[in-house]
């Protein structure tokens with residue numbers, strides 16, 4: 001009985017996928033302006049839909065649009081968080097260099113700790129962090145240079161920044 005219910009649910013999700021795939025992709029694309037990012041979001045949406053026990057073709061369109069809108073909002077919040085983190089770190093480093101010689105020495109120490117911690121990070125993540133923080137490359141350029149999706153680069157920036165902040169808080 002449970003297997004029949006599961007198969008029926010999979011059939012419903014498959015039909016919903018074929019009905020709304022293009023519309024949802026266009027909706028997400030209007031936000032992201034990036035085909036790969038829109039497809040990543042779309043895949044995440046349908047993975048969530050597949051885990052739902054009860055879904056009907058009648059309620060699917062509204063549910064999918066709500067899920068897509070929430071995913072767009074989450075993505076916007078994530079990008080805002082990354083930008084804010086970048087500003088905070090840049091401001092912190094700038095303040096350190098504009099201060100007394102003792103404070104400049106402390107800033108140099110922090111930069112050396114940063115270098116040491118970068119050596120402990122996975123190579124790809126550390127390279128993306130350096131390109132973004134030190135070379136001041138935009139995410140699009142990093143993605144193009146490394147042949148990665150923009151979303152992958154943003155994820156690496158977020159994770160490396162979070163990791164670096166945590167590390168620096170422990171030692172400072």
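The values are calculated or read from the model by the stated rules, or taken from the named source; none is laboratory data. Bear in mind that the values here come from a model prediction, so they are computed numbers and not experimental data. Quick reminder, even Gly has a Cβ in these numbers, built from the backbone with ideal geometry, and neighbours come from all protein chains shown.
Data table
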{"item": "Members of the range 84-114 that are modelled with pLDDT of 85 or more and under 23 Å from the mean Cα position of the chain (by Cα)", "result": "84, 85, 86, 87, 88, 89, 114"}
{"item": "Single residue of the range 47-73 satisfying the filter (without any contact (Cβ under 8 Å) to a residue 12 or more places away in the chain and assigned to a helix (DSSP H, G or I)) that is surrounded by the fewest Cβ atoms within 10 Å (Cβ to Cβ)", "result": "58"}
{"item": "Contacts under 9 angstrom Cβ, first residue in the range 131-148 being outside the structural domain of residue 118 (by TED's automatic domain parsing) and modelled with pLDDT of 90 or more, partner surrounded by fewer than 17 Cβ atoms within 10 Å (Cβ to Cβ) and not in a helix (DSSP H, G or I), 6 or more apart", "result": "none"}
